[in-house]
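Asker: Structure below; questions to follow.
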Amino acid sequence: MRAAQRIPLDFIATGLYFGKIPFAPGTWGTLPGIALLWLMADFPLWSKLLIAALLFYGGVLVCHRAQELYGRKDPSCVVIDEIAGVFFAGMWFAVSWPMLLAVFVLFRFFDILKPWPIRRLETLSDGWGVMADDMAAGAAAALVLVAVSLLL
């Protein structure tokens, strides 16, 4: 892969290089997704759905190419999946700092622990497995937030 292709791929795959932070790259890599939620706070739901779809399908392609670039499956510095997953988790709710914190914490909880069936999704081929488990972690976080909001 030529440098002209490698540099933008690395920039996108690592979430603006947040994934290159050596300690807890997945946690750091979630922050651009939180920022995107904040930036899109007043956007209509249809536009958030469009961005989520672009992040997911674009992320599948980016993750596939990044695995080739780094020579291993799901490299820890690749965090486009965290960005898409946390964005999916929070796009359904009105943006506030407590909500963003709750989305961040719940998403990281499900992304790190990967309870069944989330872990099984990692076995999908190419970039699909990298993206699918994080989208499922985002869905789980969103469901917990819906349940809590209904109880309150």
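Asker: Keeping the other protein chains in place, figure out the carbon and sulfur percent of the accessible area of the chain, with a 1.4 Å probe.
Answerer: Here it works out to 74 percent.
Asker: Something else now. What lysines does residue 20 reach when the alpha-carbon gap must be under 22 Å and sequence neighbours fewer than 8 apart in one chain are set aside?
Answerer: 73
Asker: Return the calculated 222 nm mean residue ellipticity for the chain, to the nearest 500 deg cm²/dmol, obtained by summing -39500 (n - 2.57) across DSSP H runs with n ≥ 4 and dividing by the residue count.
Answerer: One gets -24000 deg cm²/dmol as the mean residue ellipticity at 222 nm.
Asker: What are the DSSP H helices in the chain that stretch 30 Å or more along their long axis, judged by alpha-carbon atoms, and whose average Kyte-Doolittle hydropathy comes to at least -1.0?
Answerer: Answer set is 45-70, 126-151.
Asker: What does a probe at residue 112 reach in region 72-89, counting residues whose amide N is under 20 Å from the point 7 Å along Cα→Cβ?
Answerer: The answer is 75-89.
Asker: A further question follows. Could you give me D for region 13-61, from Stokes-Einstein at 20 °C and 1.002 mPa s, where the hydrodynamic radius is the Kirkwood radius over C-alpha pairs? Units µm² s⁻¹, please.
Answerer: For the chosen part, D equals 182 µm²/s.
Asker: Let me understand the chain better: what is its radius of gyration from the alpha carbons, and its Dmax, in angstrom?
Answerer: Spelled out, the Cα radius of gyration and Dmax of the chain are 14.8, 54 Å.
Asker: Quickly work out the residue 49-to-residue 6 label distance, labels modelled 7 Å from Cα along the C-beta direction, and quote it in nm with one decimal.
Answerer: 4.1
Asker: Which order do peptides 22-35, 78-91 fall in by mean Cβ count within 10 Å, highest first?
Answerer: Ranking the peptides 22-35, 78-91 by packing returns 78-91, 22-35.
The values are calculated or read from the model by the stated rules, or taken from the named source; none is laboratory data. Since this is a predicted model, take the numbers as computed values, not measurements. For neighbour counting, all protein chains shown are included, and Cβ atoms are generated from backbone atoms with ideal geometry for every residue, glycine included. These accessible areas exclude ligands, DNA and RNA; they are computed on the full protein's heavy atoms, side chains included. Shrake-Rupley method; radii C 1.70, N 1.55, O 1.52, S 1.80 Å.
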